[in-house]
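One structure is given here, and the rest of the page talks about it.
The values are calculated or read from the model by the stated rules, or taken from the named source; none is laboratory data. Bear in mind the structure is a predicted one, so any value in this text is a computation, not a measurement. Here the Cβ positions follow ideal geometry from the backbone for every residue, glycine too, while neighbour counts run over all protein chains shown.
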Ligand code: SF4
């Protein structure tokens, strides 16, 4: 099959209605809801130090929680402020955390991957960004080769030509631009106004500065969107030819996210319209040669994500799909999640608590989990299904020294109705995701989630579509 059509998707509305319940996106397994407060900073410290024996390279995630204005759809951990002192105070504490965390890891472990997320990392001014990168670069050992992936989430409203040059000079080689939608009415209704011309100018600047990859984030399901308006947004985006597109479903959960109460529910497209927008988007991106990686990610055939899918190094992580699966992830900043060896950990989500704990000279780890052998096996099942659309039993058995069909006999029984509905192919050799199942990957993965029944599914998860 030609690139772009490599992974067919079949829209079966009846099946989508039936199977598309709320469920995790499986950016980790177990998911963050299973992290426990009984996990202590001592547990984290011991695990981090023990991980040095592995020699695995490092990946750093740095959370910058500040934004200048509120986008009404937002579900991120952010602080809307114009108070420079507030930002400086956080940056001082972040610096302290960087020193404490870096002391746990051998300097021989190179940082192959770095991601600045938020909030708005580009809220920081040039001097603050320079200082932060210099601090990270002196505390950790940055990989200096071309293989490293240093990415930053960019709010186009906060970056100009000069700043794009600064980001390149600081060593970032990947950008993720928050676009969401180019339609003016949609932009007004979510309080995020940015012109297509400005975005185009930044893309040109990024190309001039030889960024390796430019990714656009779009959201469907926002107020006033229709197939026609979103089609125009896609036309504008495709003119700029980003290397990747992440197309997220807007989950309206106003009980959880206060800002969403500013959205007029009557303006939100009906589920049927959302489905049509998604259907049209997938078809249009396939016709423009983008490969559907899975869930919500699309990439040009020459992009590293597609190569990683081909060579078996694609993974799910907290940014969605990613390469560099071999790294230990160190989370820095408020609410940041780390993943080191067999442990997941998360910093406190409260900025006040984050700063207080660091002020007392302690690490701000709030919760975490040490996964057991069964979790690791299930995590690999979910990864294979979500990243590769296929799980071959013999390969899996030799990787984990188990007999898949007896180990998962109950799950295989629970998969039978899904096979009867043609969401998966189920044979004596393998499980495959069918074109009908590709949109319902979460529901298929949920069959292997042993923790799910213990989590009250009370709206904390969003729907896939
Ligand atoms: S969407 Fe991004 S820029 Fe907007 S409020 Fe949320 S974190 Fe801030």
request  = Quick one: count up the residues across region 53-111 that are more than 21 Å from residue 327 (Cβ to Cβ) and within 16 Å of the ligand (Cβ to nearest atom).
outcome  = 22
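Kindly check whether there is at least one residue in region 52-61 that is touching a strand residue (DSSP E or B) at 6+ places or on another chain (Cβ under 7 Å), farther than 30 Å from residue 300 by Cα and in the same structural domain as residue 171 (by TED's automatic domain parsing).
Kept after step one, since they are touching a strand residue (DSSP E or B) at 6+ places or on another chain (Cβ under 7 Å), are these residues of region 52-61: 56-61.
If we keep only those that are farther than 30 Å from residue 300 by Cα as well, we get none.
No, there is no match, as no residue in region 52-61 is touching a strand residue (DSSP E or B) at 6+ places or on another chain (Cβ under 7 Å), farther than 30 Å from residue 300 by Cα and in the same structural domain as residue 171 (by TED's automatic domain parsing).
Could you check region 363-375 and list, in sequence order, the residues that are assigned to a helix (DSSP H, G or I) and within 19 Å of residue 346 (Cα to Cα)? Explain how you work it out, then say what you get.
So the first thing to find is which residues in region 363-375 are assigned to a helix (DSSP H, G or I), and the list is 373-375.
Scanning region 363-375 gives a single hit, 375.
Before we move on, is residue 164 out of contact with any strand residue (DSSP E or B) (no Cβ under 6 Å at 6 or more places or on another chain), crowded, with 17+ Cβ neighbours inside 10 Å and under 24 Å from residue 330 (Cβ atoms)? Spell out the reasoning first.
Details: out of contact with any strand residue (DSSP E or B) (no Cβ under 6 Å at 6 or more places or on another chain): yes; crowded, with 17+ Cβ neighbours inside 10 Å: yes; under 24 Å from residue 330 (Cβ atoms): no.
No; evaluated as a whole, the condition is false for this residue.
For region 21-40, indicate whether the set of residues that are under 30 Å from residue 238 (Cα atoms) and within 16 Å of the ligand (Cβ to nearest atom) is non-empty. Show your work before the answer.
Kept after step one, since they are under 30 Å from residue 238 (Cα atoms), are these residues of region 21-40: 24-27.
Still in the list and also within 16 Å of the ligand (Cβ to nearest atom): none.
For region 21-40, residues under 30 Å from residue 238 (Cα atoms) and within 16 Å of the ligand (Cβ to nearest atom): absent.
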task = Can you confirm whether region 318-333 contains a residue that is surrounded by fewer than 19 Cβ atoms within 10 Å (Cβ to Cβ), assigned to a loop (DSSP other than H, G, I, E, B) and at pLDDT 90 or above?
result = no
remark   = Considering region 254-270, residues that are outside any helix (DSSP H, G or I) and surrounded by 14 or more Cβ atoms within 10 Å (Cβ to Cβ), and then whichever is farthest from the ligand (Cβ to nearest atom), we arrive at 269
query = When region 129-161 is examined, which residues are found to be closer than 16 Å to residue 207 by Cβ and either at pLDDT below 95 or surrounded by fewer than 18 Cβ atoms within 10 Å (Cβ to Cβ) (or both)?
reply = 160, 161
query = Exactly one of (1) under 22 Å from the mean Cα position of the chain (by Cα); (2) crowded, with 21+ Cβ neighbours inside 10 Å; (3) assigned to a helix (DSSP H, G or I) is unmet by residue 59. Its number?
reply = (3)
request  = Could you tell me which of the residues 204, 187 is assigned to a helix (DSSP H, G or I) and away from the ligand (no atom under 16 Å from the Cβ)?
outcome  = 204
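Which count do you get for residues in region 416-443 that are closer than 26 Å to residue 291 by Cβ and assigned to a helix (DSSP H, G or I)? First the steps, then the outcome.
Here is the first cut: in region 416-443, the residues closer than 26 Å to residue 291 by Cβ are 418-419, 421-427, 429-443.
Checking which are assigned to a helix (DSSP H, G or I) leaves us with 418-419, 438-443.
Matching residues across region 416-443 total 8.
Restricting to region 350-375, give me the number of residues that are farther than 30 Å from residue 447 by Cβ and surrounded by 14 or more Cβ atoms within 10 Å (Cβ to Cβ). Even if it seems obvious, please write down each step before you answer.
Taking region 350-375 and keeping what is farther than 30 Å from residue 447 by Cβ, we get 350-366.
Keeping just the survivors that are surrounded by 14 or more Cβ atoms within 10 Å (Cβ to Cβ) gives 350-351, 353-358, 363-366.
Going through region 350-375 one residue at a time, the tally reaches 12.
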request  = Would you check if there is a residue in region 135-154 being part of a helix (DSSP H, G or I) and more than 27 Å from residue 105 (Cβ to Cβ)?
outcome  = no
message = I'm trying to understand the selection: among the residues of region 190-200, which are surrounded by 16 or more Cβ atoms within 10 Å (Cβ to Cβ) and either within 12 Å of the ligand (Cβ to nearest atom) or within 28 Å of residue 113 (Cβ to Cβ) (or both)?
response = 190, 192, 194, 199
